[in-house]
1. Is it true that some residue in region A:236-252 is at pLDDT below 80, within 26 Å of A:ARG116 (Cβ to Cβ) and assigned to a loop (DSSP other than H, G, I, E, B)?
2. Against the definition (over 13 Å from the mean Cα position of the chain (by Cα), at pLDDT 85 or above, more than 17 Å from A:MET66 (Cβ to Cβ) and open to solvent by less than 30 Å² (accessible area, probe 1.4 Å)), how does B:ALA61 come out, yes or no?
3. Going by what's in this entry, would B:PHE42 be described as within 8 Å of another protein chain (Cβ to nearest Cβ), more than 13 Å from B:ARG68 (Cβ to Cβ), among the aromatic types (Phe, Trp, Tyr) and within 12 Å of the chain's Cα centre (by Cα)?
4. Looking only at region B:121-148, which residues are farther than 21 Å from A:GLN17 by Cα and either surrounded by 24 or more Cβ atoms within 10 Å (Cβ to Cβ) or more than 13 Å from every other protein chain (Cβ to nearest Cβ) (or both)?
5. Out of region A:18-73, which residues are within 30 Å of B:MET43 (Cβ to Cβ), assigned to a helix (DSSP H, G or I) and open to solvent by 60 Å² or more (accessible area, probe 1.4 Å)?
6. So if I check each of B:ARG47, B:ARG31, B:ARG76, B:ARG18, which one is more than 10 Å from chain A (Cβ to nearest Cβ) and open to solvent by 50 Å² or more (accessible area, probe 1.4 Å)?
7. How many residues are under 15 Å from A:THR14 (Cα atoms) and either more than 9 Å from every other protein chain (Cβ to nearest Cβ) or in contact with a His (Cβ under 8 Å, 6 or more places away or on another chain) (or both) when one looks only at region A:31-48?
8. Of these, B:ALA10, B:ALA24, which one is open to solvent by less than 70 Å² (accessible area, probe 1.4 Å), closer than 21 Å to A:PHE74 by Cβ and either within 8 Å of chain A (Cβ to nearest Cβ) or assigned to a loop (DSSP other than H, G, I, E, B) (or both)?
Amino acid sequence: MNCQDFESNVNDLTREQMMEASVLAEALAHGEGCEACARRLEEQRSLSFKLRALAGETNSAKLPPMGNDLLTAFRSRQAAANPPATRASRHYRAIVAGAMAVAAMVFVAIAVTMIRSRSVTPAVQSLPPAVGPKSLPPTEIATVTPGESTPESLPLPHKNTGREGRSVVGKNRHRNLSPTVAPVDVSVKDVTAKEIPTSITSDAAAEITTDFMPVGYASATTLQDGGQLVRVELPRSALVAFGLPMNVNRYEEKVKADVFFSADGMARAIRFVQ
Amino acid sequence: MLAGDEEALAALYQRRARDIFRFALQMCGSRALADDVTQEVFMVLIREANTFDAARGSVNAFLMGVARNHVLRRLRRERFYVSMEEESQSETAKNISRTSENPLDDMSRTETIESVRKAVLALPERYREVVVLCDLQEMSYLEAAEVLGCAVGTVRSRLHRARALLIEKMRPAEEEEAVDVKSARCFA
């Protein structure tokens, strides 16, 4: 080790820092052999001693106690920091309350819509939805003669045309019927505002039906067992029997209708199809 | 402490305030200024505790860095004023020497400490802070580098230069004292 290397390591040597053992041994050996470096090492050690004395004297200085200003500032800071959090929580609560109010309004609207739809539709809607299409026998189309025009005396279907039976379920009460199977006697042009009541609902497949109208004294208890929906053709005079307007000029034409038969074979409800 | 616990603040003060106070006292040589700096550092900690990032360094390094900034600011602001602290310190030293059993040794030791203190205070700030941190606070190079925000090599080189300056500053005083003693003997 030369004097320059010793100079670079003399601080670590006097401050007793971590050094490599070989470097430390070389520095000490150089300090013993070089008079200038030995004097420098001695000066550094003397300086370190004096600095330690100064540090010891400073350490004995009394630490100032934590003043009340600090505590006051700390408390005021905490007090100032809390209101923003409170405001944030208020905003959060308002948002949550608004969301809950909107959800409640949507729920009420859905409930009102369901209640209205149940009140408009006759008791047919109260049929249990558990009656699946496959569990029902195939329905038939019954052609009703003019003499049998009274809805109460509608016979049970006796002609099997191969059409599938359908259960009357609330959501599917306006189900489409295939126009290719049953001949449509009533053209679309015949549908006028005078013939169709205002409560007629439109179907997605261009088939317009009226709501179900009770036939006789149908009650919910008798309809809960399920039933069959049969597409029939009736004389137009049947419209008059149910209080619907009829075009006298087309008296001889027939109109299609869906008749709901309960489990006991009795006609319970009817709707007209166009 | 961030949650508003006063006991945590008190515990942190008891643990860290001594180092900050010593650093400020050794940097500026004024007890009053050191008191102010210590209070200001903790005020900053209370106000801007959220600025502390544990990934950038320890709490001690953060506090010492704040203390360093405040000390340097105060030193630059009060550069043109003359401190009355030296007189009070010498009075304190006299009081110590009066109460001790060996007044001569204590007087010599006190004079040595005063000379070292003056030499340290006479250093430029960049060298003084390194001496204070590494030699008086006995920090490692790495810890001092964290406080100062510089590289370890910079700390080493500054300390080397600072110690050389201290030796140079203290050498003429010793020689003058020696000359005074010889002249005194001659006159006697």
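1. no
2. yes
3. Answer is no for this residue.
4. Hits for region B:121-148 are B:ALA122, B:PRO124, B:GLU125, B:ARG126.
5. Answer for region A:18-73, where residues must be within 30 Å of B:MET43 (Cβ to Cβ), assigned to a helix (DSSP H, G or I) and open to solvent by 60 Å² or more (accessible area, probe 1.4 Å): A:ASN59, A:ASN68, A:ASP69, A:THR72.
6. B:ARG76
7. 8
8. Only one candidate qualifies: B:ALA10.
The values are calculated or read from the model by the stated rules, or taken from the named source; none is laboratory data. The shown structure was predicted, so the numbers you read here are calculated from the model rather than taken from an experiment. Cβ sites come from the backbone with ideal geometry, for glycine too, and all protein chains shown count toward neighbours. Surface areas here come from the heavy atoms of the whole protein model, side chains and all, with no ligands, DNA or RNA. Shrake-Rupley method; radii C 1.70, N 1.55, O 1.52, S 1.80 Å.
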